[in-house]
Every structure is written in C-alpha cells, then in structure tokens.
Amino acid sequence: MSWRTTSVSDWRTAIRSTVVFSAPAVICLWTVLDTVEALLAGVPADVKAVYSTKTLGPLLDSAGASHRVLLETLEVFLGLNCSWARTAETLNLHVNTVHYRIQRIEALTGRDLSRLDHKLDLRAALLCR
C-alpha cells in the first residue's frame, strides 16, 4: 500500500482532525482511500475480527484441516479474479476440484460466489483477518 499526500496542508488537517476528535493514531487521507485495503485500515481491529468471523464462519476453524484448505482455495480464487482454470493451476488441482471446493465454501458461508456483492464480502473478510 502506498501512502501519498497532495500537500503538507492535507497532513496538518488530518493531524488536527485526529486531535479534535480523539481518533486513533491512524491517519488516512481521502486522497489515499482508493482501495478496500486502505478503507479497512481505519476500521478498529475488534470490528474487523467480528466481521471476519461472522462472514467466513466455519472456514476459520483452525482445528479443521479441510477448512484451512477451503480458506486457501478461496484466497487464491478471489486473488485470481475468480478464474477456475488459473486457480486449479496455481493449487495443482483439477478444475473440477476447484468447483467442488467453491461449492463447499458457498455452503459453509451462505455466500454465492457468482454474485459480486458476495465476492466483495468474502474478500473484505479475508482482508480483515
């Protein structure tokens, strides 16, 4: 993530706002709020933890090795813009195995990965971990 500012006055304004509103030490300028990662940087850790837990649900169960595999598949799948073939190639799997895993992820999370809003929900939850 690159932090950039357009002027010294932007920083001064941000610092004054932080002091006036007693905000946490995270200073985020409007000029750098251009990614989901940047947006989530200003969200408190406890809120991110709750969101991640509620959205990813059982995929975060560290006791289940199969769930860890599904979580990895989800990360790769979303990271490769939901490409079945490239996900299969990256994970050294058959494409049908990727389809099966994504179906399991959808069943466990209650999300439909053919919907953009659900993809964004899961991507944001992964970033919140």
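Nothing in this text is a laboratory measurement; each read-out follows from the coordinates by a stated rule. Keep in mind it's a predicted model, so treat the numbers as computed, not measured.
Under the classification rounded if a/c is under 1.5, otherwise prolate if a/b is larger than b/c and oblate if not, where does the range 45-128 fall, given a ≥ b ≥ c as square roots of the Cα gyration tensor eigenvalues?
prolate
D117 to V47: extension gain in nm, 0.36 nm per residue of separation minus the Cα-Cα distance?
23.2 nm
Please work out, to two decimal places, the log10 of the ratio I(q)/I(0) at q = 0.15, 0.19, 0.24 Å⁻¹ from a Debye calculation in which every Cα of the range 64-111 carries one identical scatterer.
The Cα Debye sum returns log10 ratios of -0.31, -0.51, -0.82.
Mind checking the full-extension length gain between A85 and Y100? Use 0.36 nm per residue of separation minus the Cα-Cα distance, one decimal, nm.
4.1 nm
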